1. Given only helices, namely DSSP H runs of n ≥ 4 each adding -39500 (n - 2.57), what is the per-residue ellipticity at 222 nm of the chain, to the nearest 500 deg cm²/dmol?
2. Sorting R89, R75, R127 on the 10 Å Cβ count, fewest up front, what's the list?
3. Counting Lys and Arg as +1 and Asp and Glu as -1, each charge on the Cβ, what is the dipole of region 1-124 about the Cα centre in debye, to the nearest 20?
4. Choose one of I174, S192, Y138: the residue whose Cα lies farthest towards the positive end of the charge dipole of the chain (beta-carbon charges +1 Lys, Arg; -1 Asp, Glu; about the Cα centre).
5. May I have the convex hull volume per residue, in Å³, for the Cα set of the chain?
6. What does the charge count near Y183 come to, summing +1 for each Lys or Arg and -1 for each Asp or Glu among other residues with Cβ under 15 Å from its Cβ?
7. Can you spot the lysines whose alpha carbon is less than 24 Å from K160's alpha carbon? Ignore those fewer than 8 places along the same chain.
8. Please report the base-10 log of the normalised intensity I(q)/I(0) for region 22-88, using a Debye sum with one equal scatterer per alpha carbon and no solvent, at each q in 0.14 (1/Å).
Amino acid sequence: MRFTLYQKQNGEDPLEFEDEGLHEIYSPFWADLPHSDIFSCISPDILHQLHKGVFKDHFVKWCNDLAGKSVIDDRFCSMSTHPELRHFRKGISSISQWTGKEYKEMQKVYLRVLSGAVPTKVLAAARGLLDFIYYAQYQSHTAETLNHMQEAFDLFHANKDAFVDVDIREHFNIPKLHSMCHYILSIQNLGSVDGLNSEGPE
């Protein structure tokens, strides 16, 4: 990658430049700023990284591909009503505009929806992911809650290869998935993630 950038900077036009998704930024403005680490300032975003990114855009899609959209929709439709749970009467595939509220309501029942429709390893991955998302939303943390968050993260990653086993995925080289491994350190350095979430302004 570095060689490809070097070639581009020297006026060559290497084919790998676009293939590797590179952009022409050679000297970022912050590179020579003293006492600064720009990467330590990038905070997690629960709404776009976890709710929408990992959960809705990836995990739900994988489960739909595995179990079938109609099966997942039927399970959401057959939920019994409860005053504190949203009833998705038409399933979830017909919803065109998603907000953080819909993601949260779906997450409350998603583990139960998947139960019996997907293999055990997928169910374990779902439990790990959902637990991680819930821990990430805590308003304050202790060493114990961060340990539980790490356990949830480990459970998800130990079981996510179930999607490779059934040919749903070939790899997990996905930036929003990778961002999960930075949450605990970010919480330790910047404080609870709920205060850094972009969901409030939206």
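Computed from the coordinates by the stated procedures, all read-outs in this text should not be read as laboratory data. Computed from a predicted structure; not experimentally measured. Cβ: placed from backbone, ideal geometry, glycine included. Neighbour counts: every protein chain shown.
1. My calculation for the chain gives -13500 deg cm²/dmol from helical runs alone.
2. R89, R127, R75
3. 1220 debye
4. Y138
5. 174 Å³
6. -4
7. K52, K56, K61, K69, K104, K108, K121, K176
8. -0.69
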